[in-house]
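Asks: Input: one structure, supplied below.
The values are calculated or read from the model by the stated rules, or taken from the named source; none is laboratory data. Because the structure is predicted, anything quoted here is derived from the model rather than measured. Positions of Cβ are generated from backbone atoms using ideal geometry, with glycine treated the same way; all protein chains shown enter the neighbour counts. Areas reflect the complete protein model, heavy atoms only, side chains present, ligands, DNA and RNA absent. Shrake-Rupley method; radii C 1.70, N 1.55, O 1.52, S 1.80 Å.
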Amino acid sequence: MSQPFDMELFLAGVLTGSHATRQRHLRQARIIQDEISERWQRQTPWAWQKKHLAWFLEHRINQRSDATRYYYLLTVRLLARRLQKAWKFNR
């Protein structure tokens with residue numbers, strides 16, 4: 001049986017800031033992972049493409065407040081940095 005993907009370990013190298021900020025990024029990254037996993041059956045960030053993260057930003061949190069969308073955008077940018085991709089996402 002395979003182990004569940006450890007998002008904290010995955011983001012450990014790029015997480016900075018206060019404890020609360022790091023926890024927010026981890027919580028949001030897990031939510032993003034769950035949504036993408038449910039929609040496309042892509043379990044780990046290594047299997048994601050830009051379209052998966054763009055879909056999340058455009059369709060899953062489009063009804064949220066501006067502040068919430070902004071914080072998720074920061075987390076998505078952090079995920080892209082960790083994947084070493086030059087993906088750009090608009091606000």
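Asks: Based on what the data block shows, is GLN84 modelled with pLDDT under 95 and open to solvent by 100 Å² or more (accessible area, probe 1.4 Å)?
Replies: Judged against the criteria, GLN84 is not a match.
Matching residues to (1) out of contact with any helix residue (DSSP H, G or I) (no Cβ under 7 Å at 6 or more places or on another chain); (2) in a helix (DSSP H, G or I); (3) among the hydrophobic types (A, V, I, L, M, F, W, C):
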{"residue": "THR16", "(1), (2), (3)": "yes, no, no"}
{"residue": "LEU26", "(1), (2), (3)": "no, yes, yes"}
{"residue": "ILE31", "(1), (2), (3)": "yes, yes, yes"}
{"residue": "GLU35", "(1), (2), (3)": "no, yes, no"}
{"residue": "ARG42", "(1), (2), (3)": "no, no, no"}
{"residue": "HIS52", "(1), (2), (3)": "no, yes, no"}
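Asks: Between a first residue in segment 52-73 that is in contact (Cβ under 8 Å) with a residue 24 or more places away in the chain and a second residue that is exposed (fewer than 14 other Cβ atoms within 10 Å of the Cβ), which pairs have beta carbons less than 8 Å apart while being 6 or more apart in sequence or on different chains?
Replies: Close Cβ pairs (under 8 Å, with a partner that is exposed (fewer than 14 other Cβ atoms within 10 Å of the Cβ)) amount to TYR72/ARG64.
Asks: Right, something else. Out of segment 11-39, which residues are touching a residue at least 24 places away in the same chain (Cβ under 8 Å) and either of a type in the set (Val, Ile, Thr) or more than 22 Å from TYR70 (Cβ to Cβ) (or both)?
Replies: Answer for segment 11-39, where residues must be touching a residue at least 24 places away in the same chain (Cβ under 8 Å) and either of a type in the set (Val, Ile, Thr) or more than 22 Å from TYR70 (Cβ to Cβ) (or both): GLY13, VAL14, ILE32.
Asks: Another question, then. Give me the residue from segment 59-73 that is farther than 23 Å from GLU8 by Cβ and surrounded by 12 or more Cβ atoms within 10 Å (Cβ to Cβ) and, out of that set, farthest from the chain's Cα centre (by Cα). Reasoning before the result, please.
Replies: Step one: of segment 59-73, the residues farther than 23 Å from GLU8 by Cβ are 59, 62-67, 69.
Next, from what is left, pick out any that are surrounded by 12 or more Cβ atoms within 10 Å (Cβ to Cβ): 64, 69.
Working: ARG64: 16, ARG69: 12 Å.
The qualifying residue farthest from the chain's Cα centre (by Cα) is ARG64.
Asks: Could you please let me know if VAL76 is part of a loop (DSSP other than H, G, I, E, B) and either touching a residue at least 40 places away in the same chain (Cβ under 8 Å) or open to solvent by less than 30 Å² (accessible area, probe 1.4 Å) (or both)?
Replies: No: the conditions fail for VAL76.
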